[in-house]
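Down below is the structure, laid out as structure tokens.
Read the figures in this text as sums done on the coordinates, not as results from a lab. The structure presented is a predicted model; accordingly, all values stated were derived computationally and were not measured. For neighbour counting, all protein chains shown are included, and Cβ atoms are generated from backbone atoms with ideal geometry for every residue, glycine included.
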Amino acid sequence: MFYHVKELQFNARVSKPDPKFASMLLEQFGGPNGELKAALQYFTQSFAAKQPHPDKYDMLMDIATEEFSHLEIVGATIQMLLDGVTGELKNVADKSEIMTLLDGKANKEAMIHEAMVNPQFLAVSGGGPQLRDSQGNPWTANYVNANGDLTVDLRSNMAAESRAKIVYEYLLNFTDDPYVRETLKFLMTREVAHFQMFEAALETIQPNFPPGVRQSDPRYSNTYFNMSSGAEARGPWNEGKSPMLGETWQYVEDPIKHVIDSNGMLDHKPTGTDRTMESAEEKTKEISKMRSEKIRAAIPKGENQWSKYPESRTAKQK
Ligand code: MN
Ligand code: MN
């Protein structure tokens, strides 16, 4: 269950209204790398994790809940940045009144002009945040990645945290407000913290590569296709050992010739690897057994109950 605490996780403040920046900040409210996406991604992932991995479920729910707390901070900040606008929109009786806002320099027209950067603030939301990005695109569940496998989901989350972090970094270039900057730096830093939590959690699942259960075909796992003419860039992605499987990269200089000579890769002989099709199949069976047994052992047959209610706490309430 959720329980709402009225105080924000971080003491969000603004020095003065700034409708333009409010509009940009919508990116972190209803945008593809924003706080709602993060919150709902970890929340959605947590269900598949609950019974086999109660520790990861706990972490996903804690971080999801923190992301909802960030969403609340971003929404509150957007609202404070729009404060002059909301007041003016309610001023339907006296159209001629000049508002004194923005340090007393700007009038109603200036404020409305600023807010026109995102007309929906005026025409749709009445001067409040909406689940849209800074361009007005509606939030969509397509932003949420949940694939029911922690070796995949935790990697999706590290990517999500990287993107959330860089968006805060870019946004910081567009406000001088020391209070807003303080809030954005807090939010940005939390994404750096989350990245490391997901990475540490992934490390506890071994083996975790390749993502999922099924092993990769050793005939194709270490070939690099030189798919262009001209100067060739070489680096650890196509020479030396591959970082995860430790196979030696095989550089295919002339992919057209190679594909034709190997009958469309069917006759391609694996080199630079100790793995064989048989050993890969064995490994797949082994991990398959390990993972499915873990899940089966954790999920009771027949009757099932999601939560346990501690005796002491219920007794106290009675
Ligand atoms: Mn966040
Ligand atoms: Mn985060």
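The table for this structure:
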| read-out | value |
| --- | --- |
| Efficiency of FRET from Cβ geometry, Glu281 and Asp58, R₀ 41 Å, rounded to 0.05 | 0.70 |
| Length released on extending from Met227 to Met244, taking residue separation times 0.36 nm less the Cα-Cα span | 3.8 nm |
| Calculated from backbone phi, Karplus (6.51, -1.76, 1.60) coupling profile of region 127-136 in Hz, x at Gly/Pro | x, x, x, 10, 7, 9, 7, 5, 9, x |
| Label-point gap, in nm, between Ser15 and Thr140 - each point 7 angstrom along Cα→Cβ | 3.9 |
| Calculated from backbone phi, Karplus (6.51, -1.76, 1.60) coupling profile of region 229-244 in Hz, x at Gly/Pro | 8, x, 4, 9, 8, 10, x, x, 7, 9, 9, x, 9, 6, x, 9 |
| Estimated 222 nm signal from helices in the chain, with DSSP H stretches of n ≥ 4 weighted -39500 (n - 2.57), rounded to 500 | -16000 deg cm²/dmol |
| Rough spin-label spacing in nm, given labels placed 7 Å along Cα→Cβ, for Lys289 and Trp237 | 3.8 |
| Alpha carbon centroid spacing (whole Å) that separates region 107-158 from region 250-318 | 36 |
| In order through region 175-180: 3J(HN,Hα) via Karplus (6.51 cos²θ - 1.76 cosθ + 1.60), integer Hz, x for Gly, Pro | 9, 9, 5, x, 6, 5 |
| Bins of 10 Å from zero: percent of alpha-carbon pairs in region 19-203 | 10, 35, 28, 17, 8, 3, 0 |
| Förster radius 30 Å - calculated FRET efficiency between Val117 and Glu182, Cβ distance, rounded to 0.05 | 0.80 |
| Dipole magnitude (debye, nearest 20) for the chain, charges at Cβ of Lys, Arg, Asp, Glu | 920 |
| For Leu82, residues with placed amide H under 5 Å, excluding near neighbours | Asp18 |
| For region 223-285, with +1 on Lys and Arg beta carbons and -1 on Asp and Glu, the positive-most of Gly240, Thr271, Tyr251 along the dipole | Gly240 |
| Positive-end residue, the chain charge dipole about Cα centroid, Cβ charges, pick of Ile287, Pro300, Phe174 | Pro300 |
| Sorted largest first, extent of the chain alpha carbons per principal axis (Å) | 81, 71, 29 |
| Pairs beyond 26 Å (Cα-Cα), from Lys50/Lys241; Lys165/Lys283; Lys6/Lys37; Lys50/Lys285; Lys56/Lys289 | Lys50/Lys241; Lys165/Lys283 |
| Calculated FRET value between Asn147 and Ala193, using beta carbons and R₀ = 25 Å, to 0.05 | 0.60 |
| Within a Gaussian network of the chain (alpha carbon springs, distance under 10 Å), most fluctuating of Pro178, Pro255, Pro119 | Pro255 |
| Rh (Kirkwood; distinct C-alpha pairs) - region 223-285, Å | 13.2 |
| Packing-based order for 129-138, 63-72, using average beta carbon neighbours within 10 Å, highest first | 63-72, 129-138 |
| Virtual paramagnetic centre 7 Å along Cα→Cβ of Glu253, amide N under 13 Å, in region 199-237 | 226, 232 |
